[in-house]
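What follows is calculated from the coordinates using simple rules that are stated; it is not laboratory data. Keep in mind that this is a model prediction, so the values were computed, not measured. Glycine gets a Cβ as well: all are built from the backbone with ideal geometry, and neighbour counts include every protein chain shown.
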Amino acid sequence: MSLFRANFPTSGDFAPLFRLLDDYDVHRSSRSAPVRSFSPRFDVRESDDAYHLDGELPGIAQKDIDIEFSDPQTLVVKGRTEREYHTSPEASPEGDEANLDQKAKDAQPAHHFWASERSVGEFQRTFSFPARVDQDAVKASLKNGILSVLVPKTTAAVSKKITIE
């Protein structure tokens, strides 16, 4: 790992340990990456007539979010996000040939991350409601990275007496 090489000597008592860490890093980066997952945070509130869900989904497009009922009282919110990194070509005084060289470098990104803390991968959150809900009247919106879902409660079942004729 370059952090160890830059900050610690590569000879001496700890050299085998640092070589082992370097070998592990090379091995780990050469494996196929498993699908990462994360769990977005939600606020869930209840009012007299509905349940309100507000979840943080920054940078996730509406098309990448699915909301569905898995049973009459269980709502599932799931989706996926990937991060793309773009480099902006710097203006070069040497002209078009230098810009072509820069574009070739940009086509082969070689990034060394100092930190990778942003959520990427797939997510799924399940919400089970204690009372019956009106699935047909559920409304959802996505604004400024906040997914808001309004799940109305059904009106209490009214008993109806049937008269025999």
inquiry  = For T126, project a label point 7 Å along Cα to C-beta. Then give me every residue of segment 34-66 with its amide nitrogen under 18 Å of that point.
reply    = 37-42, 66
request  = State, to one decimal in nm, how far the label point of I146 lies from the label point of E84, with both points 7 Å from Cα in the Cβ direction.
outcome  = 2.8
